[in-house]
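Just so you know, all these numbers are worked out from the coordinates, no wet-lab data involved. Please read these numbers as outputs of a predicted model, since none were measured by experiment. Every residue, glycine among them, receives a Cβ derived from its backbone with ideal geometry; neighbour counts consider all protein chains shown.
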Ligand code: TRP
């Protein structure tokens, strides 16, 4: 059976290995990259396309860019988005030119969010959140799809390099709104090269891989532009606290940046753990940190120190840590993170107000 990933309505498969094989991705090799962050070191970055081009640029200090898009249909920023931004911050620190676009046209075409509302959400919520996470706003090029003539013009020019059959085989179907949005995304991804030929990398969840495949096909065919095929780096989805992997798009028991203290407490206390049924049993047999959503959170976002993480995992396995203590600890770390984050977010909102004065 032909297998399709639908970027607009994806059920996230759990079997990443299978996907890597099926869609011709390359397994990620952390040894290729200088100064890897925790997502890279701990296996959350699992695959990519054409990544040696990017690691070469980093090692040889050659120009390259990293680019990502904000989907302003959402009114909250999911914790999974933090992983993508962490990757953008990583590339920014390694010398990449950084592009962040607001996919307001895509949101209008595929999610029915009007441009004004999309703009408001991007400026009040998404962009300040990205800056609060550590993206250097002064060194980031932000734009709205609806306001970039360069990108839209490029999309039109590139549209004659795609075929309907290709659409059907990549996306499964071909609706006009999706055709327009995906070609626009191709233009988003390739447009930095109009000014300067250089490799570019797009950190994505696997749901966006079809767009990368299309971008690479089109870049390949649009000979006269001489594009360097864009690279991608795949980050695993952050599961919901109830352990549901598909959650990135659904509500579930998911964490969001800017969640209140009460929300954090409520969500963490309901989280799926790798513990035993009773405290007595847990002390005897120990718990399984691999099946524990709090450890998942520690590994991806909350415990940066490798030794500290390892010790906690060992103690949990030995039954020295009970779920109640682990939850309390997670609440403490997360509350601390959020307090700090909220302060930075408020500051970033003011900064964004100045950056986007219109
Ligand atoms: N389609 C992306 C999403 O749903 C948004 C997007 C538009 C994007 N253009 C992009 C992402 C370019 C990465 C690169 O989230």
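Angle between the Cα long axis of helix 323-355 and the longest principal axis of the chain, 0 to 90 degrees, nearest 10?
Once rounded, one gets 30 degrees.
Normalising by the residue count of the chain, find the relative contact order in percent from Cα pairs under 8 Å and 6+ residues apart.
RCO, the chain: 20 percent.
Roughly how many whole Å is it from the C-alpha centroid of the range 152-205 to that of the range 46-108?
Each part's Cα centre sits 17 Å from the other's.
Hey, with R₀ at 25 Å, roughly what FRET efficiency would residue 141 and residue 41 work out to, going by the Cβ-Cβ distance, to 0.05?
Plugging the Cβ-Cβ distance into 1/(1 + (r/R0)^6) gives 0.30.
With both bridge residues required to lie in the chain, what share of the DSSP beta bridges run antiparallel, to the nearest 5%?
30
What span do the alpha-carbon atoms of the range 182-284 cover on each of the three principal axes, reported in whole Å from largest to smallest?
69, 31, 21
Kindly put 106, 3 in sequence by how many other C-beta atoms sit within 10 Å of each C-beta, fewest to most.
3, 106
I want to verify the translational diffusion coefficient of the range 152-215 in µm²/s; compute it with Stokes-Einstein, Rh as the Kirkwood radius over Cα pairs, at 20 °C and 1.002 mPa s.
D = 174 µm²/s.
Before rounding to the nearest 500, sum -39500 (n - 2.57) across all DSSP H runs of length at least 4 in the chain and divide by the residue total; then give [θ] at 222 nm in deg cm²/dmol.
My calculation for the chain gives -14500 deg cm²/dmol from helical runs alone.
Please compute P(r) over all alpha-carbon pairs of the range 66-180, binned at 10 Å starting from zero, and give each bin as a whole-number percent.
Going out from 0 Å in 10 Å bins, the range 66-180 shows 13, 38, 35, 14, 0 percent.
Would you mind getting me the FRET efficiency between residue 284 and residue 27? Use the beta-carbon distance for r and R0 = 45 Å, nearest 0.05. Don't jump to the answer; show the numbers that get you there.
Details: r = 38 Å, r/R0 = 0.85.
After rounding to 0.05, the efficiency reads 0.70.
Taking Cα atoms, how many degrees apart are the long axis of helix 149-158 and the longest axis of the chain, rounded to 10 and kept between 0 and 90?
Approximately 70 degrees, to the nearest 10.
From the P(r) of the chain, can you give the percent of Cα pairs sitting at distances over 38 Å?
Distances greater than 38 Å cover 17 percent of the Cα pairs.
Quickly work out the residue 166-to-residue 152 label distance, labels modelled 7 Å from Cα along the C-beta direction, and quote it in nm with one decimal.
It is 2.4 nm.
Compute the angle between helix 306-317 and the longest alpha-carbon principal axis of the chain, please, reported from 0 to 90 degrees and rounded to the nearest 10.
50
What's the long-distance tail for the range 243-358, i.e. % of Cα pairs beyond 17 Å?
In whole percent, the share of Cα-Cα pairs in the range 243-358 beyond 17 Å is 61.
Of 136, 188, how do they rank once you tally other Cβ atoms within 10 Å and put the fewest first?
Taking fewest neighbouring Cβ atoms as first place, the list is 136, 188.
By counting other Cβ atoms within 10 Å of each Cβ, how are 313, 147 ranked from fewest to most?
147, 313
Beyond 23 Å, how much of the Cα-Cα pair distribution for the range 17-103 remains, as a whole percent?
Value for the range 17-103: 28 percent of Cα pairs lie more than 23 Å apart.
What percentages make up the Cα-Cα pair-distance distribution of the range 125-236 when the bins are 5 Å wide from 0?
Cα pair-distance distribution for the range 125-236, in percent: 2, 11, 20, 22, 22, 14, 6, 3, 0.
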